[in-house]
1. Under 10 Å, Cα contacts only: if you run a Gaussian network model on the chain, which one of 64, 92, 24 comes out with the highest mean-square fluctuation?
2. Work out how much length residue 85 to residue 100 would gain on full extension: take 0.36 nm times their residue separation and subtract the Cα-Cα distance, in nm to one decimal.
3. Amide H to amide H under 5 Å from residue 58: which residues, 5+ apart in sequence or cross-chain, H placed 1.01 Å off N in plane?
4. Say we join alpha carbon atoms closer than 10 Å with springs in a Gaussian network model of the chain; which of 70, 39, 11 then has the biggest fluctuation?
5. Using the alpha-carbon atoms, what tilt in degrees (0 to 90, nearest 10) does helix 74-90 show relative to the longest principal axis of the chain?
6. Using alpha carbons only, how many degrees (0 to 90, rounded to 10) separate the axis of helix 11-23 from the longest principal axis of the chain?
7. So what is the calculated 222 nm ellipticity per residue for the chain, using -39500 (n - 2.57) for each DSSP H run with n of 4 or more, over all residues, to the nearest 500 deg cm²/dmol?
8. Just in the stretch 71-129: which GluC sites (Glu not before Pro) are loop by DSSP and have at most 14 other Cβ atoms within 10 Å?
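Bear in mind that the values in this text are calculations on the coordinates, not laboratory data. Every value quoted in this text rests on a predicted model; they were computed, and no experiment measured them. No Cβ is skipped: glycine too gets one built from the backbone with ideal geometry, and neighbour counts run over all protein chains shown.
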Amino acid sequence: MPGKPRTYLSPREQQVMEVAYQRGQVTAADLIAALPDAPSNSAVRTHLRILETKGHLSHREEDGRYVYAPTRPRHSAARSALAQVLHTFFDGSVERAVATLLSEKEAELSDEELERLGQMIEQAREGGR
């Protein structure tokens, strides 16, 4: 996919991005302190470099250290990742993806969540996306 960031993230890359989104910006030292199983400095720097290459992070130099920040808002990255999952695993079918989510035991929805989903479905039926 030339020109487009690769959306697949390893579990550790996901953890790095979670911290970056929570804080808005991070340094390697911030990540070493925040990530579980205390990765080495070189491992953190490798993940940061990979995430920058994939287009998820950018950096600037500040007081002799690199400060990394997400390249786009979280909701935008989430939409892109979800679109890739839909395409890759569900042939673009939202119905199949939702059916899969609802079939999982962990997907117990509250009455309020079911009501909101019902409203969204009704809006989609009416064409008011």
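1. Of the options given, 64 has the highest mean-square fluctuation.
2. Values: separation 15, 0.36 × 15 = 5.40 nm, distance 1.24 nm.
Contour length minus Cα-Cα distance gives 4.2 nm.
3. Excluding prolines and chain starts, which carry no amide H, the hits are 69, 71.
4. 11
5. Roughly 60 degrees between the two axes.
6. 90
7. Computed mean residue ellipticity for the chain: -18000 deg cm²/dmol.
8. Working: sites: 95, 104, 106, 108, 112, 113, 115, 122, 126; in loops: 104, 108, 126.
Those that pass, being in a loop and sparsely packed, are 104, 108, 126.
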